[in-house]
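Here is the structure we will look at.
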Amino acid sequence: MRLAELSESSGVPIPTIKYYLREQLLPPGRRITATQAEYDDSHLRRLRLVRALIQVGRVPVATAREVLAAVDDDSLGRTIRLGAALWALPQPPEAPEDDPATAEAASTVDRLLDELGWDTAREIGSLSPSYRTLVTTVATLNRLGYPCGTPELTPYARHMERVAEHDIDRLDTIPEEVEKVEIAVAAAILYEPVLLMLHRLAQEEHSARRFGL
């Protein structure tokens, strides 16, 4: 497809697509003349991912470029490749390492990972932004007086393990490796709010069933 067709199919204006091409967020098309290039479905898919990163995820252009570089790095295994892409996404502030509440929370998270048998998560540990964010959140809850030890966290973790297994099962139906990683990154931005809202709706539903309106 030509640039105009890519714009029509994606709903992204031509000047914006040209900007993404200049910023190396979108790979160049196949050159067919000195002034024209041809694009395919991979460009349309990548364009949707770029829009998800920038419009929904509010990811700066430079960060989006870093995420996409990890997506395209076929020298990495799938897990490392996906991890590198997700780790490049903006992360919330972390708790100070010298805070006693942080040390206590890290100990809680480590015990949780051991109990779950999540060996990779335990091995990566503090290298992972997800691990550090969890530690920060647990530390905040403890500081505010809300119980957040392994007894409280384990049931949630077990449910999320099934969600993660479902995620990977879905990815296994996709033949192309780069598309798998693209979809996983998009899902991290687009589907996590869906999971959060489903959780809240489920709480409302079960509260009404148990206690009435």
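So the values come out like this:
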| read-out | value |
| --- | --- |
| Extension gain from ARG170 to MET197, taking 0.36 nm per residue of separation minus the Cα-Cα distance | 7.6 nm |
| Calculated FRET efficiency for the pair GLU177/THR33, C-beta based, R₀ 22 Å, to 0.05 | 0.10 |
| Contour excess over end-to-end distance, with Cα ends at GLU23 and MET160 and 0.36 nm allotted per residue | 45.7 nm |
| Amide H within-cut-off set for GLU38, under 5 Å, with H built and near neighbours excluded | ARG30, ARG31, ILE32 |
| Linear extension gain, ILE124 paired with LEU44, 0.36 nm per residue minus alpha-carbon span | 25.4 nm |
| ARG2-GLU94 pseudo-label distance in nm [points 7 Å out on the Cα-to-Cβ vector] | 5.1 nm |
| Inter-centroid distance (Cα atoms) of the range 149-213 relative to the range 1-77, Å | 28 Å |
| 0 to 90° range, to nearest 10: angle between helix 41-51 axis and the chain longest Cα axis | 50 degrees |
| Where only alpha carbons of the chain are counted, the Rg and the Dmax (Å) | 20.8, 70 |
| Using θ = phi - 60° and Karplus 6.51 cos²θ - 1.76 cosθ + 1.60, couplings along the range 111-118 (whole Hz; Gly, Pro as x) | 5, 4, 5, 4, 5, 6, x, 8 |
| Label-to-label distance, nm, for residues given as THR140 and ALA103 (7 Å Cα→Cβ offset) | 2.3 nm |
| Accessible area (Å², per residue) of the chain, counting only protein heavy atoms and a probe of 1.4 Å | 63 Å² |
| Calculated FRET efficiency for the pair SER207/THR150, C-beta based, R₀ 35 Å, to 0.05 | 0.85 |
| Accessible surface of the chain, 1.4 Å probe, proportion on carbon and sulfur as whole % | 56 percent |
| Helix 177-211 axis, angle to the chain major axis (alpha carbon atoms, nearest 10°) | 40 degrees |
| Cut-off under 5 Å, modelled amide H: who pairs with ALA95 long-range | THR136 |
| Efficiency of FRET between ARG111 and THR79 - r from beta-carbon atoms, R0 30 angstrom, step 0.05 | 0.80 |
| Under Karplus coefficients 6.51, -1.76 and 1.60, residue-wise ³J(HN,Hα) of the range 122-133 in Hz, glycine/proline x | 5, 5, 5, x, 5, 5, 8, x, 5, 4, 5, 5 |
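The values are calculated or read from the model by the stated rules, or taken from the named source; none is laboratory data. This is a predicted model, so every value here is computed, not measured. Every residue, glycine as well, gets a Cβ built from its backbone with ideal geometry; the counts of neighbours run over all protein chains shown. With ligands, DNA and RNA removed, areas are computed over all heavy atoms of the protein, side chains included. Shrake-Rupley method; radii C 1.70, N 1.55, O 1.52, S 1.80 Å.
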